[in-house]
Amino acid sequence: MVGLDTYPAGEIRVWNLTMSKTFPLVPQLGPTRSIFRVVNSDWTNRTALTDGKVVRVWDLDRGVPLTPPIEHEKPIYRYVFNADSTKLVTLGVIDFQSVSNGHSLIRVWDVKTAKELIPAIKNEGLVRSLAICGDGSRLVTESYGTRAGKRFQSAWVWDLRTGTLLIPPLVHDRNVSAVAISSGGAKVITGSVDGYARVWEANTGKLLFTTPKQDQSVSSLAISPDAAKFLSGSYFGTVQVWDFATGQPIGQPVRHVGSMDLMDSIVVTPDGSKAVTRSYGGTVRIWSLETGRDVVPPLKSSLAVSRDATRYFERSTDEAARVVELPSGEALTRPLRFGRFAAFNRDMTRLVAPSGVWEIPPWFLDLAEAFAGVRVNESGFVEPVPSQAYLDAQDKILEMNESAGIVAWAKWLVADRRTRTVAPSLRMTIPQYVERQIEQNSLESLREAVFLSPTNGLAFARLARLVSVQDPKENPRRIGEADFLSRRAVELAPDTTEVIEIRKAVLEAVSLKE
């Protein structure tokens, strides 16, 4: 079971599920560090913890570290064990400004010695997801970036024994959005925003087949333990089971709870009988691969599910959580106090969860009230906060001498939204990012530019031009949308020649339609 997310705490606790007792795993990285990731190996009682740039592997049975701290020069964004937990692959984040010409750093470690097995792999672009085959010999990644002025989003297959690219990058007609690799490393699956999944021969890069189109972009992939089936989840919240040999669908798509509940992840249980799906809304479903029906009602407060889907960690209304047996719903433990995220170990006798308490500075509370515009007074009633309160909080934050941690985030938050950076840790400003999106000149990039800069006439005009030539089947309202966008563009930039020319072209298209 894997749990990946952030939680600002300084301690990891391991729960003994038979007695509800805990022992802490303290990363020994200093009292100011925070735990950002928890990843459990599927086959051994090991877990990996990271505080950002340092990762460490721990023995869950003894609560002792198995490796010294493994350091990255860049923040660690993802990491994964191979099947027997002898290898750990870590992914370091690059600076966003260098995505167009830069790379992501992938490193492969011996878990026993914490030594690198091969030179660091430089993967072109920003790697967002990765998958490793069972024996740890191959890795598939999905990355995006810009090459020669054009945006790319491809899948890369790496030989982890040598650190070399095994085959040329795998591509779709549109961006690659999800990847998976078979246990033996012979086949690679890629999913795309075009709604198709493709299966490739890993040794040669030969395309074996493309599945029929799913209802929306493919967001996640999973392979059954016997490699007879694979599953794909879509951004519209559907999951389709496919025959891994032929690429033909098996049964009808299974819809996750909520017609527009975006799929986050899919896991198939070790016996291959059930699938566990999770949406971005946090709802977990456990359903039969044979019938497509729920094994238990949807779990809307689940924080972790065991590998065999017989137990789950349920958030309670009393600010605690319990381990619950499925399908009976019987609580197996007393209430456990913990953080926000958790993961079961292999045999479900341990539960790993972040835990900790940290001080909130007084100015942060003032800022929160100013942003919300309301506060609870001493009598317990809600009252409005004067607009001056935000200006006062802003001045106080900008005058602080500190430039790290929560202060850095707060300074970014109160900065001028028209000129501030894309994120607290980045140097690229919003205007620079919008300009780059306009230069890319794609539907996706221009829609983002319009969203971030709703007064940019050129962005509206170029978006109008691309919308006007869309396939009528893809966008039956393209002419009306282009008319609105180009009209708005002229209002915002009446003296820009390109804007005027695009408006004329759209008006001609409107007249032809009429």
task = Can you put VAL490, VAL499 in order of Cβ neighbours within 10 angstrom, beginning with the fewest?
result = VAL490, VAL499
query = So which trypsin sites (Lys or Arg not before Pro) in region 109-201 pass both tests, a DSSP loop state and at most 13 other Cβ atoms within 10 Å of the Cβ?
reply = LYS112, LYS115, ARG161
key: Packing-based exposure ordering (other Cβ within 10 Å, fewest first) of HIS172, HIS256   = HIS172, HIS256
key: region 219-297 shape via C-alpha gyration tensor axes, a/c threshold 1.5   = prolate
request  = Could you please rank ASP84, ASP471, placing first whichever residue has the fewest other Cβ atoms within 10 Å of its Cβ?
outcome  = ASP471, ASP84
ask   = Counting other Cβ atoms within 10 Å of each Cβ, which trypsin sites (Lys or Arg not before Pro) in region 427-514 have at most 10 and sit in a DSSP loop?
value = LYS473
remark   = The long-range amide H neighbours of ILE167, using H built 1.01 Å from N in the peptide plane and a cut-off of under 5 Å, are VAL157
task = Would you please name the chymotrypsin sites (Phe, Trp or Tyr not before Pro) within region 361-466 that are DSSP coil residues with at most 13 other C-beta atoms within 10 Å of their C-beta?
result = PHE381
task = Using a/c under 1.5 as the rounded threshold, could you call region 101-210 rounded, prolate or oblate? The axes a ≥ b ≥ c are square roots of the C-alpha gyration tensor eigenvalues, and prolate needs a/b larger than b/c, oblate otherwise.
result = oblate
task = Between VAL374 and ARG447, take the C-beta separation as r, use R0 = 30 Å, and let me know the FRET efficiency to the nearest 0.05.
result = 0.35
task = Taking H placed 1.01 Å from N in the peptide plane, check which residues at least 5 places from ARG174 or on another chain put their amide H under 5 Å from its amide H.
result = ASP194
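Every read-out reported here was derived from the displayed coordinates using simple, explicitly stated rules and does not represent laboratory data. Being a predicted model, the structure only gives us computed values, none of them experimental. FYI the Cβ positions are ideal-geometry reconstructions off the backbone, even for glycines, and counts take in every protein chain you see.
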